[in-house]
Amino acid sequence: MTMTDLATAGPATQAAPSGPAATRGTRRRRRVPAAPYLMIAPFFLSFIAFGAYPLLFALRLSFTNWQGSGELRWIGLGNYTYLLTSSDFWASLANSGVMWLLVVPVQTLGAVAIAAALSQRRLRGRGFFRTTLIVPFVTPLIAMAQVWLLLFDADFGAVNSFLKTLGLPSVGWLTTTVWAKPTIALLVLWKTTGFAIVIMLAAIQNIPDDVYEAAAIDGAGTWHRFWSITVPLMRRAIAFYVVIATLGISQMFAEPYVMTKGGPYNSTITSGLFLYNHITTSDLGLGSANSFLLVLLVFLLSLVSVRLLRSKED
């Protein structure tokens, strides 16, 4: 070895320890603390017990004929075939579709307009109006449904009494197929519009003021700023609420059950109430299949809503 090689050579690399000391070091490095896993274990156990297992069991039930006791009898796609060829199933979907048309478009547009008005800093009493609009949403639904029954009773309701004072005929708000669904839809609007306003108001307040100031400098008026700035920048919030509202309409049960029991002539049997009827008759296999069909339908409708309302940036 030359002198140059000795000069460039670095210090000798220390040999790695071996034997019992190395084994103890490896075990110490591989030791995983159990405390974090013990902390999150209750959540996963609860999810498995009350989430995953019931879901998988319901999926299994949808392929069987089971009345709540006895042996599960496998029938394959029989439940799904029966529902897809049942006129009552499609009638319940049609009733839910009519309720959606009566509630969601009007509620969404109204919530955007009211939220835009409440976001104006020059408006006096904004806090009072915001609190007042959210009160119906936090009011128990059963109590509001009972009030609705008193207001729209065909014989002694306050609404028909007012119509009589005007010389107009009484209306069977909850006893005729023409007016039953609009009356229930009015209750849903009164109950849930406050929640929609909160979502839209949060979206409006998230829009930077610089955008409005730049538009005002360019000469854009209030109406033009609303349609060209506010509404486009609220598309994500609108799409989110449309999905939430669609899910709520598909699950609607308490309103028609308390007010009409699905009548008159099954005109207010929604998909949620139709699903409940399977439970009352202990036809759990058919009810499970019905629920999964509703999940699939709502999922497809949600995809369509998000695709139609998504912005160009998305």
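Assess whether residue 193 counts as being in contact with a Gly (Cβ under 8 Å, 6 or more places away or on another chain) and surrounded by 15 or more Cβ atoms within 10 Å (Cβ to Cβ). Before the answer, list the steps.
Working: in contact with a Gly (Cβ under 8 Å, 6 or more places away or on another chain): yes; surrounded by 15 or more Cβ atoms within 10 Å (Cβ to Cβ): yes.
Here the answer is yes, as residue 193 does meet what is asked.
Can you go through 272, 285 and tell me which one is crowded, with 16+ Cβ neighbours inside 10 Å, under 21 Å from residue 191 (Cβ atoms) and outside the structural domain of residue 70 (by TED's automatic domain parsing)?
Working: 285 fails: under 21 Å from residue 191 (Cβ atoms).
After ruling out the rest, the residue left standing is 272.
From the list 256, 264, which one is at pLDDT 90 or above, surrounded by 13 or more Cβ atoms within 10 Å (Cβ to Cβ), farther than 30 Å from residue 54 by Cβ and in the same structural domain as residue 187 (by TED's automatic domain parsing)?
264
Here is a check on your reading of the model: is residue 72 aliphatic (A, V, I, L, M) and out of contact with any strand residue (DSSP E or B) (no Cβ under 9 Å at 6 or more places or on another chain)? Please lay out each step first, then the result.
Details: aliphatic (A, V, I, L, M): yes; out of contact with any strand residue (DSSP E or B) (no Cβ under 9 Å at 6 or more places or on another chain): no.
When the stated conditions are applied, residue 72 does not pass them.
Say whether the condition of being among the small types (Gly, Ala, Ser) and under 25 Å from residue 276 (Cα atoms) is met by at least one residue in region 28-50.
Yes.
Restricting to region 93-111, name every residue that is within 17 Å of the chain's Cα centre (by Cα) and within 13 Å of residue 183 (Cα to Cα).
99, 103
Of all residues in region 86-116, which are of a type in the set (S, T, N, Q) and within 13 Å of residue 290 (Cβ to Cβ)? Give the derivation first.
Here is the first cut: in region 86-116, the ones of a type in the set (S, T, N, Q) are 86-87, 92, 95-96, 107-108.
Listed by number, the residues that qualify are 86, 92, 96.
Starting from residues that are without any contact (Cβ under 8 Å) to a residue 12 or more places away in the chain and surrounded by 13 or more Cβ atoms within 10 Å (Cβ to Cβ), keep the ones in region 118-131 and report whichever is farthest from the chain's Cα centre (by Cα).
The qualifying residue farthest from the chain's Cα centre (by Cα) is 126.
Would you mind listing the helices (runs of 4 or more DSSP H) fully within region 151-258 where at least 2 residues are closer than 27 Å to residue 303 by Cα?
Qualifying helices (runs of 4 or more DSSP H): 180-205, 235-250.
The values are calculated or read from the model by the stated rules, or taken from the named source; none is laboratory data. What you see is a predicted model; the values in this text were computed from it and never measured. Positions of Cβ are backbone-derived with ideal geometry, glycine not excepted, and every protein chain shown enters the neighbour counts.
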